[in-house]
Amino acid sequence: RSKPDSSISVMCKMAAKDQADVVISAGNTGACVAAAQLRMRTLPGVSRPGIAVVVPTFHGPVVICDVGANISPQPRHLQQYAIMAGAYAEGVCGISNPRVGLLSIGEEDAKGTTIVKESRKLMRDEPMINFIGNVEGRDLFKGVVDVVVCDGFVGNIVLKFTEGMAEGLFQTIVSEIQESDPELLVQLAPVLKKLHDKHDWREVGGAPLLGVAGYCLICHGKSDARAIKNAIRVGKPL
């Protein structure tokens, strides 16, 4: 409201007037979410939009929502994230009847904060959600869940920890192979590049903001030219 002529505000206004098909921003996440919600409005039945990311795993993609749009959600917001992320997993990722889990510190019903416990009840009672209960952080990579729901504070930490861990493991593997057998590293280069690209956030470019009445992709603030190029590539078919 205080900066109606900022690039983020102008983009969202254009999208609301059908003068732009997709909004792509590497600017302030909170400002982008607020502008999209204020200018583009939310879909019917959606109180607060959420950012969804697709994390590649050995067992297939896992959609996490929210990863930064709403750090202090109410239980109904998390329920809406479960519905939207489930629809995204099915429609975009091709996962039939995706299994939805609520991120907590244990699988038991009694584990978690008050918001987690109340959200669990709402998700359990919603027939549109294939809810499997609470899941822990390690479950993201075990093939037991397709959609993970959490607040934006926890989700953002999980996202960036996962990105950092993937990069650190890749560097360690390359270093160990280089030290033990440089020729083997040359042979494995195509496979290593494929693995690196699969887990490189720059190849994805941006994460969709679910729940707004239009297409909005939010990018890392540290996005380089390759990341922005891929965000445009992802946004173009929309």
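Suppose R0 equals 35 Å; then what is the FRET efficiency for residue 97 and residue 167 from their Cβ-Cβ distance, rounded to the nearest 0.05? Mind showing how you got there, number by number?
Details: r = 33 Å, r/R0 = 0.94.
Approximately 0.60, to the nearest 0.05.
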Note, ³J(HN,Hα) from phi for the stretch 34-43, Karplus 6.51, -1.76, 1.60, rounded to Hz, x at Gly and Pro
5, 5, 5, 5, 6, 8, 8, 6, 9, 5
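Among DSSP beta bridges lying fully in the stretch 1-139, give the percent that are antiparallel, nearest 5. Intermediate values should be presented prior to the final figure.
Numbers: 4 of 8 bridges.
For the stretch 1-139, the DSSP antiparallel bridge percentage is about 50.
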Counting Lys +1, Arg +1, Asp -1, Glu -1, what net charge surrounds residue 230 among other residues with beta carbon under 9 Å of its beta carbon?
+3
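Under the rule a/c < 1.5 gives rounded, and otherwise a/b versus b/c splits prolate from oblate, where does the stretch 21-142 land using the Cα gyration tensor? Please list the in-between numbers first.
Values: a/c = 1.66, a/b = 1.34, b/c = 1.24.
Since a/c reaches 1.5 and a/b is larger than b/c, the shape of the stretch 21-142 is classed as prolate.
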Using a 1.4 Å probe, what is the accessible area per residue for the stretch 100-238, in Å²?
58 Å²
Contact order normalised by residue count of the stretch 1-98, Cα under 8 Å, 6+ apart, percent
18 percent
In nanometres, what is the gap between the two model label sites at residue 196 and residue 126, each 7 Å from Cα along Cα-to-Cβ?
4.0 nm
Quick one: which residues, 5+ away or cross-chain, put their amide H under 5 Å from the amide H of residue 69? H built at 1.01 Å from N.
51
Carbon and sulfur atoms account, in whole percent of the 1.4 Å probe accessible area of the stretch 179-221, for 60 percent
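What shape does the chain have by the C-alpha gyration tensor, where a ≥ b ≥ c are the square roots of the eigenvalues, rounded means a/c under 1.5, and otherwise prolate means a/b greater than b/c and oblate the rest?
On the way: a/c = 2.05, a/b = 1.19, b/c = 1.72.
The shape class here is oblate.
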Where a ≥ b ≥ c are root eigenvalues of the Cα gyration tensor, a/c under 1.5 meaning rounded, otherwise prolate if a/b exceeds b/c and oblate otherwise, the stretch 110-238 counts as oblate
Which ³J(HN,Hα) values in Hz, rounded to whole numbers, follow from the phi angles of the stretch 177-187 under the Karplus curve 6.51 cos²θ - 1.76 cosθ + 1.60, where θ = phi - 60° and Gly and Pro get x?
5, 4, 6, 8, 7, x, 5, 5, 4, 5, 5
5 angstrom amide H check on residue 215, placed H, neighbours 5+ away:
23
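Just to confirm a number: summing +1 for Lys and Arg and -1 for Asp and Glu over residues other than residue 36 whose beta-carbon lies under 12 angstrom from that of residue 36, what do you get? Before the final figure, lay out each step's value.
Working: positive: 13, 39, 41, 48; negative: none.
With Lys, Arg at +1 and Asp, Glu at -1, the net is +4.
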Nearest 5 is fine: what % of DSSP beta bridges in the chain come out antiparallel, could you say?
40 percent
Amide H within-cut-off set for residue 26, under 5 Å, with H built and near neighbours excluded:
219
If you keep only loop residues by DSSP, which trypsin sites (Lys or Arg not before Pro) in the stretch 87-194 have at most 14 other Cβ atoms within 10 Å of their Cβ?
111, 142
Within a Cβ distance under 9 Å of residue 75, other residues only, what is the Lys/Arg minus Asp/Glu net charge?
+3
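State the percentage of accessible surface on the stretch 63-128 attributable to carbon and sulfur atoms; use a 1.4 Å probe and exclude ligands, DNA and RNA. Working shown, then result.
On the way: 1720 of 3280 Å².
With neighbouring chains kept in place, the figure for the stretch 63-128 is 52 percent.
The values are calculated or read from the model by the stated rules, or taken from the named source; none is laboratory data. These figures come from a predicted structure and were not determined experimentally. Don't worry about glycine lacking a Cβ; one is built from the backbone with ideal geometry, like all the others, and counts go over all protein chains shown. Each accessible area value is taken on the protein alone, full model and side chains, heavy atoms only, with ligands, DNA and RNA left out. Shrake-Rupley method; radii C 1.70, N 1.55, O 1.52, S 1.80 Å.
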